[in-house]
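Below: one structure, written as structure tokens.
The values are calculated or read from the model by the stated rules, or taken from the named source; none is laboratory data. No experiment lies behind these values; they were computed from the predicted model shown. Here the Cβ positions follow ideal geometry from the backbone for every residue, glycine too, while neighbour counts run over all protein chains shown. Note: areas computed on protein heavy atoms with side chains; ligands, DNA, RNA excluded. Shrake-Rupley method; radii C 1.70, N 1.55, O 1.52, S 1.80 Å.
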Amino acid sequence: MSKFWQTAQSSDSEDEVEVISDNEIKNRKQMGGRFNTFDAKSDSESDDDGVRVVKSQKDRQWDNLKDSVKKIKNAMKTTDWSLIQDEFEELNKKIEKSKILILQHGIPKFYIKIISEVADAVQEIIKDKESFKKLKPIVQKSVNQMKLKVRKHNEKYKTEIDDYKSNPINYASTEEEESEESEEDSDSEESSEEVSEEESSENEDEDSDDNEESGSSVEDSDDDDDDDDKVKKPKSKFLQSDSEDSEYVDDDDEDSDEDNDIQAPGGEFKLTGRLKWMKTEALIRLMPHLEPYLKKKKGNERQRTQGPGKKQKFQEKRLEQDKEGRRTAATSSAWIIDKNVTEEMLEKKLKEIVGSRGRKGTNVKDSIRALEVLAKAARLHGPRREIPVIMHLISALFDSNKTIDEHMDVIDWRTAYRYLTRIISLLEKNKTLVLGMMAEEDITDLMVANSNKKASEESKDDFIKPVVDDNTGAIKVVGSLETFLSRLDEEYTKSLQQINPHTQEYVSRLADEASLMELSESIRFYYIRLNNYSVAANIALLHVEHIYYKHDTIALAVQRAHYFNKQWGNYKDLHPASLGDFTNIKLKKFDSRIIHPGAFIGNPTVVPPQYNAEVKLEELCNFIFKYGEDRSKARALLCNVYHKAVHDQFYSARDMFLISHIQETIDKMDIKTQILYNRVLVMLGISAFRLGLISKAHDCLVNICSNKMKELLAQGTSKFSYDRDPDQEKIERRRQLPYHMHINPDLIESCHLISAMLLELPVIAKANGVVTLPANPISRVFRKYFLSYTKQIFTGP
């Protein structure tokens, strides 16, 4: 019988030996994988080693927080700020989930300590400006983001952080506990790494020895007293040396043989089975006589694991894990272009980037980043080189959307807006420059030039110079300013449709409308300078559709806010000291001991140029009537009528509406124009109601309020429409107007029902109070409501 399968069971009379057959071994391997060598241990020994620790909810949550703290400390040692940023956010999320425990037990001290250390580390790296400039761009970006996050986050714990800095001794105990736990974890990890390579070979030797020894009889073990002692002490059998891999170590020979084995040259103790997974402190408690040797081995392994090359491997692993298109330091090195780049190199790089767009496996963000760097390098060679690169860049920004219903990211939208503004400024400074549309064949040749090296070499000279039309001298670029402006407007409207209108994000997004209008005005003047009036009329219509629904007071307030933001920045970012009242302060000069330095410049004010929305709208509409197409003229007319109705100019709006005879041809126009027509009718009715023209208000509102008012005004969909096609419903949602352009449906219905009541009551009184539903009532909707009201037995409040 093999000694490996023996067990020592504690009994007063005699020791029993369990025999395990080969078939039972195979069955156990099939059920649980590898046969566990501790299955045959005695009950008393399993009770000693397999102690189960039950932790409270607080201890479990605190241990989870400490794991994140340890990761942050390790990242601070390796100066991996991207990892620090991720773990810092993860730690704060865990703190948010532990609010109940924090209310019961207070904020953990180790958390206050780590956030204070992170803040100090950020301040220290930023103070050293020379070293900070030498860092990679992604590291600088992570540090700047951490600076903002830490400053905002640590304001909540200002008192606790001050207490930590004044009394750091109170936080020393938590630091020692964390260091002990981190050492224990590192011991288990290091020992597992060292033994993992030798595990497979040792297991094969043990399995072969087991198969050979399992055939022996039990009588061999009974006759050998030494073997019985080894069975009674199974703990020592797993301690092996290099010279004797299969022999057991007896406790009787520990004093004589242990030192010889340890001091033997090249003889190192190896742990197998469960012992190799145990922590060093647990092994010392289990075998106290090996304490000095285990500690020595722990120190050697720590030096080996912390040797050179570990940091580099860790960074490489982090770079490989970045598969979501984040801009890492490894890819940014390929985007740095020398300032001495030639035009030939510039065109070659542009051709390479454009040729890679749209291919499988190409990262869109990487292409955008490369084009941004290329656009900066193109500034050295003048606007003729810079403008084509910027046009490619704007086209790539618009292609970043994955689906048609997904709106463009706000940051990308504003980036595209800035680049369009840059192009307009270059065209205004160089008025001889003219942009032309690149033909589809030229675009196709440019896309496939990178894949065919021979063709690129033959046509090398063609790409050295910008593509210029010989007849007009215009620079041929991808797309046009008109198409990019219309696409920018579509993405802006799409974002307003999908953002929750009751949030601050929606309000901040509305601030971009004034900037878009300013850009459209500049592009319109550019096309007027080129005598391209048809395109200028289309851009004028885009401008009109963004101002026709606003009252003059609202339009003037928007313009003031826009000019204030351009000159002073966001109003919320101003220092409160500069917003005070300085009328009662009589000082020859400001004294910093009395007045805050932020108030030295006084209240920030801005004097915007005179702006009259009505005059501006009339000017744009007349321009459209002169140069625009039929659809543009119809929409401009409806917008002008709507604007007059908003200002209660009912008669002039009605005359303009009726003289145009647009009601006769509205059925043949597109759906968006029909929606605008319905909005004009509703606003005319509300304007007549405000002026007391009840009959005219009813005539304007009766057709809209009778059925499907939300769909007719593109302000939503009915709740009980079961017969709609899903595709048709998606198309209707894309046509929805942004929330700030809606007309209050309750206001519309109230105006309609009140005007109908005032017209129907004389008819009802003339019929001696008999309420019926005649064939041709003035308002069928009011009669239906009134008839159901009179039939009610009990009328509630």
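Tabulated values for the structure
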{"quantity": "Candidate set from the stretch 611-631 (those that are assigned to a helix (DSSP H, G or I) and of a type in the set (Phe, Trp, Tyr)); member that is least open to solvent (accessible area, probe 1.4 Å)", "calculated": "Phe623"}
{"quantity": "Those residues of the stretch 682-704 which are without any contact (Cβ under 8 Å) to a residue 24 or more places away in the chain and open to solvent by less than 30 Å² (accessible area, probe 1.4 Å), in sequence order", "calculated": "Cys700"}
{"quantity": "Which numbered condition Gln792 fails, given (1) modelled with pLDDT of 90 or more; (2) open to solvent by 70 Å² or more (accessible area, probe 1.4 Å); (3) among the polar types (S, T, N, Q)", "calculated": "(1)"}
{"quantity": "Filter result for Asp409 (closer than 30 Å to Pro738 by Cα and either in contact (Cβ under 8 Å) with a residue 12 or more places away in the chain or out of contact with any strand residue (DSSP E or B) (no Cβ under 7 Å at 6 or more places or on another chain) (or both))", "calculated": "yes"}
{"quantity": "Residue selected from the stretch 763-781 under the condition surrounded by 10 or more Cβ atoms within 10 Å (Cβ to Cβ), modelled with pLDDT of 75 or more and not small (Gly, Ala, Ser), by the criterion farthest from Ser687 (Cα to Cα)", "calculated": "Ile764"}
{"quantity": "Top-ranked residue in the stretch 498-517 [being among the charged types (D, E, K, R) and touching a Phe, Trp or Tyr at 6+ places or on another chain (Cβ under 9 Å); ranked as surrounded by the most Cβ atoms within 10 Å (Cβ to Cβ)]", "calculated": "Glu513"}
{"quantity": "Helices (runs of 4 or more DSSP H) contained entirely in the stretch 74-179, each with at least 2 residues that are under 28 Å from Ser56 (Cα atoms) and either open to solvent by 70 Å² or more (accessible area, probe 1.4 Å) or not hydroxyl-bearing (Ser, Thr, Tyr) (or both)", "calculated": "81-97, 99-105, 109-127, 158-166"}
{"quantity": "Within the stretch 725-746, considering residues that are open to solvent by 70 Å² or more (accessible area, probe 1.4 Å) and in contact (Cβ under 8 Å) with a residue 12 or more places away in the chain, the one farthest from Ser495 (Cα to Cα)", "calculated": "Lys730"}
{"quantity": "Residue match in the stretch 647-655 (condition: touching a Gly at 6+ places or on another chain (Cβ under 8 Å) and either open to solvent by 80 Å² or more (accessible area, probe 1.4 Å) or closer than 25 Å to Asn678 by Cβ (or both))", "calculated": "no"}
{"quantity": "Residue check for Glu545: open to solvent by 40 Å² or more (accessible area, probe 1.4 Å) and at pLDDT 90 or above", "calculated": "yes"}
{"quantity": "Any pair with Cβ under 9 angstrom, 6 or more apart, that starts in the stretch 367-386 at a residue that is farther than 24 Å from Ser400 by Cβ and ends at one that is surrounded by fewer than 16 Cβ atoms within 10 Å (Cβ to Cβ) and among the polar types (S, T, N, Q)", "calculated": "Leu380/Asn340; His381/Thr342; Gly382/Asn430; Pro383/Asn430; Arg384/Asn430"}
{"quantity": "Subset tally (residues that are touching a residue at least 12 places away in the same chain (Cβ under 8 Å) and farther than 20 Å from Leu148 by Cβ) for the stretch 69-96", "calculated": "6"}
{"quantity": "Check on Gly382, on the phi > 0 side of the Ramachandran plot and surrounded by fewer than 21 Cβ atoms within 10 Å (Cβ to Cβ)", "calculated": "yes"}
{"quantity": "Residues of the stretch 393-412 that turn out to be modelled with pLDDT of 90 or more, open to solvent by less than 50 Å² (accessible area, probe 1.4 Å) and out of contact with any helix residue (DSSP H, G or I) (no Cβ under 6 Å at 6 or more places or on another chain), as a count", "calculated": "2"}
{"quantity": "Some residue of the stretch 670-682 being of a type in the set (Ser, Thr, Tyr) and within 24 Å of Ile404 (Cα to Cα)", "calculated": "yes"}
